[in-house]
Amino acid sequence: MGPPESPLLTEVLEAHARRVLEACRARGLRLALVEASTGGLLAACLTDIPGASAVVERGFVPYSNEAKTELLGVPMEVMRAHGAVSPEVARALAEGALARSPVDLVLAETGIAGPGGGSAEKPVGLVFLALAGRQGPGLCERHLFSGSRREIRSATALRGLELLLARLTGA
């Protein structure tokens with residue numbers, strides 16, 4: 001499993017998760033999450049907080065390409081052309097979840113947490129995060145995080161919560 005999360009990181013993730021839940025509750029918004037590399041870490045951060053069920057409607061963990069297609073409608077052609085870790089797939093994951101869920105906002109991520117699986121073109125730590133919503137434009141960000149598998153997954157979760165907060169608060 002590796003070393004435990006640092007207490008500071010755990011506190012930061014929890015504080016951000018609380019702010020996301022409060023902002024969604026205040027606006028009457030529901031969320032869905034698509035976690036292709038964090039494996040449910042974002043959902044766990046949010047649902048560790050009492051009352052999260054008023055906001056978090058569902059989560060998807062489409063680890064395989066088949067799951068991305070079956071659950072969220074990501075075309076295999078897109079994955080063959082661009083790879084599962086690409087902005088095109090991140091956007092398709094977010095849009096697929098939005099189309100299949102009674103939610104207002106979706107955060108999706110796809111990445112390479114390591115320690116293997118990277119290449120010169122797509123190194124370990126490469127992550128794409130995408131937002132799709134019923135209101136406002138979608139967005140997709142590229143990040144290259146460093147560290148252990150646990151650190152990359154935690155950095156991805158933290159940046160995902162920051163993206164949600166920025167969208168919700170207009171910051």
Practice problem: Residues being touching a residue at least 12 places away in the same chain (Cβ under 8 Å) and either in a loop (DSSP other than H, G, I, E, B) or surrounded by fewer than 16 Cβ atoms within 10 Å (Cβ to Cβ) (or both): count how many of those fall in the range 48-57. | Solution: 5
Quiz item: Which one of these is surrounded by 19 or more Cβ atoms within 10 Å (Cβ to Cβ) and free of Cβ contacts under 8 Å to residues at least 40 places away in the same chain: Leu144, Leu129, Leu98?
Solution: Leu129
Self-check item: Single match in Thr156, Thr69 (criterion: in a helix (DSSP H, G or I), among the hydroxyl-bearing types (Ser, Thr, Tyr) and open to solvent by 20 Å² or more (accessible area, probe 1.4 Å))
Solution: Thr69
Self-check item: Filter result for Arg80 (open to solvent by 20 Å² or more (accessible area, probe 1.4 Å) and either under 15 Å from the mean Cα position of the chain (by Cα) or within 19 Å of Lys122 (Cβ to Cβ) (or both))
Solution: yes
Quiz item: Hey, does the range 128-145 have a residue that's out of contact with any His (no Cβ under 8 Å at 6 or more places or on another chain), acidic (Asp, Glu) and part of a helix (DSSP H, G or I)?
Solution: no
Quiz prompt | Conditions (1) under 12 Å from the mean Cα position of the chain (by Cα); (2) modelled with pLDDT under 95; (3) not small (Gly, Ala, Ser); number of the one not met by Arg91 | solution = (2)
Quiz item: Looking only at the range 147-171, which residues are out of contact with any strand residue (DSSP E or B) (no Cβ under 9 Å at 6 or more places or on another chain), free of Cβ contacts under 8 Å to residues at least 40 places away in the same chain and either at positive phi or of a type outside the set (A, V, I, L, M) (or both)?
Solution: Gly147, Glu151, Gly170
Quiz item: Out of (1) crowded, with 21+ Cβ neighbours inside 10 Å; (2) under 14 Å from the mean Cα position of the chain (by Cα), the odd one out for Ser86 is which?
Solution: (1)
Quiz item: From the list Ala120, Ala108, which one is of a type in the set (Gly, Ala, Ser) and either assigned to a helix (DSSP H, G or I) or open to solvent by 10 Å² or more (accessible area, probe 1.4 Å) (or both)?
Solution: Ala120
Quiz prompt | Selected residue (criterion: least open to solvent (accessible area, probe 1.4 Å)) from residues of the range 1-47 that are within 22 Å of Gly133 (Cβ to Cβ) and either among the basic types (Lys, Arg) or modelled with pLDDT under 95 (or both) | solution = Arg30
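Here is a yes/no grid of residues against (1) touching an Asp or Glu at 6+ places or on another chain (Cβ under 6 Å); (2) of a type in the set (A, V, I, L, M); (3) closer than 26 Å to Glu14 by Cβ:
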position: Val85; (1), (2), (3): no, yes, no
position: Ala92; (1), (2), (3): no, yes, no
position: Lys122; (1), (2), (3): no, no, no
position: Arg150; (1), (2), (3): no, no, yes
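The values are calculated or read from the model by the stated rules, or taken from the named source; none is laboratory data. These numbers were taken from a predicted model, which means no experiment stands behind them. Virtual Cβ from ideal backbone geometry, glycine too; neighbours counted across all protein chains shown. Please note that ligands, DNA and RNA were not included when accessible areas were found on the heavy atoms of the full protein model with its side chains. Shrake-Rupley method; radii C 1.70, N 1.55, O 1.52, S 1.80 Å.
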